[in-house]
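The values are calculated or read from the model by the stated rules, or taken from the named source; none is laboratory data. Bear in mind that the values here come from a model prediction, so they are computed numbers and not experimental data. Don't worry about glycine lacking a Cβ; one is built from the backbone with ideal geometry, like all the others, and counts go over all protein chains shown. For accessibility, only protein heavy atoms count, side chains too; no ligands or nucleic acids. Shrake-Rupley method; radii C 1.70, N 1.55, O 1.52, S 1.80 Å.
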Amino acid sequence: MSLKENILGVEAHWLMGRVMPREFLEEVGKYLQHVAPGREDELMAAIKARAEEIAEEDKDLAVDGRSEGSLAICAEVLASYETLLPLFDGDERRTILYLQHAMGPVLRRPYDLMFSTLNERKDPLDKIEKACRATVGMYPAYFEFDFQRPDPGLFEMKIRRCFFRDFFDRHDARLATTVMCAFDVNFMRAIDPAVSGL
């Protein structure tokens, strides 16, 4: 393993394993104050304890720093889903929508900074491709990405294998995968045509 891969693994473990769960749970906590006043501490403790159990059950997925970080955030999301579902009267759709909302702001600032150069409007697709290729190293090697430029005005990113989807499938909670996808709102906002001119 190269030094660059080691550094990316440490960064990914820190971002996905520490920063993302903390920011995500802060957003979840905001909801608990409204629907379960006085029970916030109890429910947050239950989420954290359940997330630890899930991470321990699925530790076989954590083969490196990047996958350890991904497992940590997935475990927090699944534990939040399981804990909040009864508060939404068992309504899976509403629970997922809320968790997507909670995931949206996570790491927004780093994404805004990373893609701010798109506003320069010179070769924006080249910049998007370069940024996307650079972020691949943050994800577990388990992911399989394809990047293509079928023509100069088009950049395609296809994910053929996804750690997040396979994790939630393992727990018979595929719809919860969309909570992790909600994190991409930051990316999509950064390349909004109204902002980037694309």
Residue satisfying all of: in segment 167-189; at pLDDT 85 or above and basic (Lys, Arg); nearest to Ala62 (Cα to Cα) among these:
Arg170
Qualifying positions in segment 39-81 - charged (D, E, K, R) and within 18 Å of Gln100 (Cα to Cα):
Glu76
Go through (1) open to solvent by 60 Å² or more (accessible area, probe 1.4 Å); (2) touching a helix residue (DSSP H, G or I) at 6+ places or on another chain (Cβ under 8 Å); (3) modelled with pLDDT of 80 or more and name the single condition Phe164 misses.
(1)
Filter result for the condition that a residue is open to solvent by 70 Å² or more (accessible area, probe 1.4 Å), within 30 Å of Glu82 (Cβ to Cβ), of a type outside the set (Ser, Thr, Tyr) and not in a strand (DSSP E or B), over Asp172, Asp126
Asp172
Restricting to segment 95-104, what's the tally of residues that are among the hydrophobic types (A, V, I, L, M, F, W, C) and open to solvent by 10 Å² or more (accessible area, probe 1.4 Å)?
1
Name the pairs: first residue in segment 36-60 and touching a residue at least 40 places away in the same chain (Cβ under 8 Å), second residue surrounded by 17 or more Cβ atoms within 10 Å (Cβ to Cβ) and among the small types (Gly, Ala, Ser), Cβ to Cβ under 9 Å, at least 6 apart or on different chains?
Ile54/Ala75; Ile54/Ala79; Asp58/Ala75
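One line per residue, one yes/no per condition, for (1) open to solvent by 40 Å² or more (accessible area, probe 1.4 Å); (2) within 27 Å of Tyr139 (Cβ to Cβ); (3) out of contact with any strand residue (DSSP E or B) (no Cβ under 8 Å at 6 or more places or on another chain); (4) of a type outside the set (Phe, Trp, Tyr):
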residue: Ala36; (1), (2), (3), (4): no, no, yes, yes
residue: Ala45; (1), (2), (3), (4): yes, no, yes, yes
residue: Glu52; (1), (2), (3), (4): yes, yes, yes, yes
residue: Asp60; (1), (2), (3), (4): yes, yes, yes, yes
residue: Val63; (1), (2), (3), (4): yes, yes, yes, yes
residue: Val77; (1), (2), (3), (4): no, yes, yes, yes
residue: Leu87; (1), (2), (3), (4): yes, no, yes, yes
residue: Arg93; (1), (2), (3), (4): yes, no, yes, yes
Consider Arg109 carefully, then state whether it is of a type in the set (D, E, K, R), open to solvent by 80 Å² or more (accessible area, probe 1.4 Å) and modelled with pLDDT under 85.
yes
